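Since every read-out is calculated from the coordinates, none of them should be taken as a lab result. Worth saying up front: this structure is predicted, and the values here are computed from it rather than measured. All Cβ positions, glycine included, derive from the backbone under ideal geometry; neighbour counts span all protein chains shown.
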């Protein structure tokens, strides 16, 4: 009897990565990296900017493959219509993200989409549902401990976007350049097995005007929530994950997936937490037998 060729799939050595992927398909409690999947009551993500090179699609796919929730809020700028109008860019990984979201809706996760200014073309469909995804102009979320949180994107409080739209596009062009540099910097860092680091986030926090704008934005949003007589507010828009208190109003910003790669989550007891996914992956690398993001 002739020995089988090593290229034969029956005898070819199975790589650890393949074992992890096969295991994750069989055991829904395990992610592709081999790490346990986490379950939360609610997840908020925003500012993904699908359709741009700045989108950290690999990290977001890894996030979606390692977390589950009863409810998922998409808090605006999920798709970047501004960039797509200028130049079409849509790699397969962006399709993979859309598929993962739609699959969650199909399997029973309540998915609520609150469009932002970059995907404002979907605001005209507010009040409707597509493929199980509910589209809303804004929403009110009730936490497990009974708090009422206003959920909106936040661009309505950005004076630059509201009053001088041409300035918003000008600023967006400079910001897009920083995001392109961010892609280059992190491509080099991956070659040297270095963790993700955001150049654009670093630059933004070094500019005093940007820091002052973020502070004013947070105060304005919190004030609007107080007028609505809710206990807190969840937004995105400024790409700065944060939790702050303003006179009895809790301000939450879930961050973004072009700079900080963060999500806001609610635990079963109503406790809120910001997940910094790049840090989660960096910590995972230190664990023997676990795999980083692709």
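The table below lists the values:
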{"read-out": "Neighbour-count ranking [beta-carbon atoms within 10 angstrom, fewest first] of 125, 63, 246", "value": "125, 246, 63"}
{"read-out": "Fewest-first sequence of 121, 272 by Cβ atoms within 10 Å of each Cβ", "value": "121, 272"}
{"read-out": "Pairwise centroid distance, computed over Cα atoms, of segment 223-289 with segment 86-146, Å", "value": "18 Å"}
{"read-out": "Neighbour-count order for 245, 110, 266, fewest beta carbons within 10 angstrom listed first", "value": "245, 110, 266"}
